[in-house]
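Peer 1: One structure follows; several queries about it will come next.
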Amino acid sequence: MLKLLKKLPMEGLLIIIIVLISLIVLIYLTKINSVINSNNKIIITNINQENGNNAEFISTTDLEDKIILTKPTPKAPEEITESKKKIRLFFIKVDGDGEIDIKSVLKTVFVGKTPLSKSLEQLLKGPDTEDINRGLLTLIPEDVEILSISIKAGVAYINFNEMFRFNQLGVEGYLAQIKQIVYTATEYDSVKSVQFIIDGERQEYLGPEGVYIGRPISREDLKL
């Protein structure tokens with residue numbers, strides 16, 4: 001074989017070398033999964049995958065062919081379905097004469113698809129530091145929880161746990177906690193009044209002092 005190669009002219013050797021190189025390149029390229037798109041681009045997808053890169057072979061008429069390594073496009077963050085909205089909450093302020101008054105504050109929170117529920121959740125959390133510095137407080141008992149909420153024909157049926165029954169301040173405390181709930185709920189056009197429910201049952205009176213909650217209560221009822 002070597003003797004035969006020595007007898008070949010230089011041009012013949014070059015041709016053989018070029019053919020061999022072409023065969024090697026062809027074999028290598030057949031192992032690469034390539035995709036040609038409509039812009040005459042060959043995307044080589046199985047080169048250097050362990051580094052998270054793709055090799056892109058771009059054929060152009062004006063520029064020399066070249067291979068560009070590009071990083072994969074990062075995934076877009078999931079779309080936030082909740083939206084922020086200003087809500088109005090009602091807390092209590094006691095004046096110098098000991099009179100209980102109801103005051104409103106605006107909060108910007110994520111309300112999602114249940115704005116009334118979010119508003120009442122924020123109300124049950126009580127005033128923040130800024131509100132407290134303004135002299136605001138809540139008279140809703142600390143351990144009160146909302147079990148369920150539904151709205152029908154302008155009435156919000158709000159089901160509280162057993163702790164809603166107990167207020168250490170008596171009648172004034174019960175009236176204040178009812179006002180806070182009713183005023184906050186009726187900020188929404190779909191709610192005209194609130195029917196208080198405790199542990200799934202409608203109650204006639206709240207507390208031993210007998211604050212009546214047997215029917216839906218509106219803001220007008222609380223102004224009397």
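The values are calculated or read from the model by the stated rules, or taken from the named source; none is laboratory data. Because the structure is a prediction, the values reported are computed rather than measured. No Cβ is skipped: glycine too gets one built from the backbone with ideal geometry, and neighbour counts run over all protein chains shown.
Peer 1: Taking the stretch 168-193 only, how many residues are within 19 Å of Lys103 (Cβ to Cβ) and of a type outside the set (Ser, Thr, Tyr)?
Peer 2: Of the residues in that region, 13 qualify.
Peer 1: Still on this structure, please answer the following. Does Ile197 qualify as being β-branched (Val, Ile, Thr), at pLDDT 95 or above and surrounded by fewer than 18 Cβ atoms within 10 Å (Cβ to Cβ)?
Peer 2: No, not satisfied.
Peer 1: Further, regarding this structure: Sort out which residues of the stretch 191-212 are in a loop (DSSP other than H, G, I, E, B) and in contact with an Asp or Glu (Cβ under 7 Å, 6 or more places away or on another chain), and write them in order of number.
Peer 2: Of everything in the stretch 191-212, just one residue is in a loop (DSSP other than H, G, I, E, B) and in contact with an Asp or Glu (Cβ under 7 Å, 6 or more places away or on another chain), namely Asp199.
Rundown of residues vs (1) surrounded by 16 or more Cβ atoms within 10 Å (Cβ to Cβ); (2) within 36 Å of the chain's Cα centre (by Cα); (3) modelled with pLDDT of 95 or more, yes/no style:
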residue: Ala153; (1), (2), (3): no, yes, yes
residue: Asn161; (1), (2), (3): no, yes, yes
residue: Ile178; (1), (2), (3): yes, yes, yes
residue: Tyr188; (1), (2), (3): no, yes, yes
residue: Lys192; (1), (2), (3): yes, yes, yes
residue: Leu206; (1), (2), (3): yes, no, no
residue: Val211; (1), (2), (3): yes, no, no
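Peer 1: In addition: Quick one: what pairs do we get from the stretch 106-121, first residue over 20 Å from Leu136 (Cα atoms) and modelled with pLDDT under 95, second surrounded by 13 or more Cβ atoms within 10 Å (Cβ to Cβ) and of a type in the set (Phe, Trp, Tyr), C-beta under 8 Å, 6+ apart or different chains?
Peer 2: Close Cβ pairs satisfying both conditions: Pro115/Tyr188.
Peer 1: When both residues are 6+ apart or on different chains and their Cβ atoms are under 8 Å apart, which pairs have a first residue that lies in the stretch 200-211 and is in contact (Cβ under 8 Å) with a residue 40 or more places away in the chain, and a second that is in a strand (DSSP E or B)?
Peer 2: What qualifies is Gly200/Leu147; Gly200/Asn159; Leu206/Phe196; Leu206/Tyr212; Val211/Tyr205.
Peer 1: Same structure again: Do you know which residues across the stretch 186-205 are more than 17 Å from Leu123 (Cα to Cα), of a type outside the set (Asp, Glu) and out of contact with any Gly (no Cβ under 8 Å at 6 or more places or on another chain)?
Peer 2: Matches in the stretch 186-205: Gln195, Ile197, Ile198, Gly200.
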